[in-house]
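Shown next, in structure tokens, is the structure this report addresses.
Every read-out reported here was derived from the displayed coordinates using simple, explicitly stated rules and does not represent laboratory data. Remember, it's a predicted structure, so these values are computed and weren't measured experimentally. Cβ sites come from the backbone with ideal geometry, for glycine too, and all protein chains shown count toward neighbours.
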Amino acid sequence: MKMIKPIPVTLLTGFLGAGKTSYLNNLLREGIPPDSLILVNDFGSINIDAELIEYSDEHIMRLNNGCICCTLGGSLAEKLAELLRTPPLPAALYIEASGIANPARIVDTIRISPKLCLNEVICLVDGSQADRYSEDPLVTEVWHQQILSADRVLVNRLPPSLELPLVLKQLLVHSRAQVERMTGADEQPAVKDDHDFCSKNTGTGRWDSFSQTFDTAIDGQRLAELFMEYGDVLIRAKGMVRRQGKPQSEVVQLSGGKVSWSPAIRTTPKGLLVCIGAEGIRFNQLARDVSRLRGNP
């Protein structure tokens, strides 16, 4: 029998808003093997990340409303089994994991298949948030897991004149990862110098998310104000919406405590928004306040 060469798999991980989608788009511009397949997992019920990837839709598989690391027999294993029995097989596979995924579990899923081989685990880290995330009880466990599981760590949003935060240095001492630094005030990385919500349980806190659609243009300033007002419970927001007074859809993001707007690479029939944060009364109130931007009472 003719031996079939295993499909190389590159896993992109990193906490919410670290720059995974932007980095993946950068890889696509630089060139990846033809006929590669991209598997994108988003925590919310609307897969915003898949909409932002600059790649043809037929080469993108979406996993929505959960986290692919939850169980080895869950949605990731099912998707992989589906693509491996459906010719033609991809030349390479790129997985963008949810921002709260445990990479070690995903790696285990890849390694049990003789038709796949793990190429590299890359972790994106927002250097400007390292001190905060290392102490936040909702975030710290998964943030540590992602870094320690990586073969290579790309540190984003850290000015070249500054040293790595001490907490990140100490963590990397215990990791086998190679470290590269990138710069960028927003999520766009600069050129380099050389099953279900994990049960919503992180061990020390609980995640929640909500998705919102908008039929018409919204008050963008009010949306940004809500992001800041609920910054104590809102960790990440990403969407494609049309602002009042603007002619076309834009990508809005809350990442690293900052709100940014940029042109959308494609349009959607309705505005889409996903917010992820800490479960509780405050987060539920944010969902209600965001829904009012639709013009409903």
### Query
How many angstrom separate the Cα center of segment 208-233 from the Cα center of segment 104-152?
28 Å
### Query
What ranking do ILE235, ILE281 get, fewest neighbouring Cβ atoms within 10 angstrom at the top?
ILE281, ILE235
### Task
Can you work out the PRE-style zone for GLN178? Point 7 Å along Cα to Cβ, and I want the residues of segment 117-134 with backbone N under 17 Å.
118-125
### Message
Going by amide H atoms built from the backbone, whose H comes under 5 Å of the H on GLY14, apart from near neighbours?
### Response
LEU124
### With eigenvalues of the C-alpha gyration tensor scaled by 5 and rooted, segment 206-294, Å
21, 13, 11
### Message
Which of VAL107, VAL121, VAL40 has the fewest other C-beta atoms within 10 Å, and how do the rest follow up to the most?
### Response
VAL107, VAL121, VAL40
### ³J(HN,Hα) computed for each position of segment 272-278 - Karplus, 6.51 cos²θ - 1.76 cosθ + 1.60, integer Hz, glycine/proline x
10, 8, 10, 10, 10, x, 8
### Query
How far apart, in nm, are the 7 Å Cα→Cβ label points at ASP232 and ARG266?
4.0 nm
### Query
Check PHE210: other-chain or 5+ apart residues with amide H under 5 Å from its amide H, H built from backbone geometry?
CYS275
## Note on the structure
Karplus ³J(HN,Hα) for segment 22-32 (6.51 cos²θ - 1.76 cosθ + 1.60, θ = phi - 60°; Hz, whole; x = Gly/Pro) runs 5, 5, 5, 4, 5, 4, 5, 5, 6, x, 10
### Query
Given labels modelled 7 Å from the Cα in the Cβ direction, how far is it in nm from LYS246 to ALA104?
4.1 nm
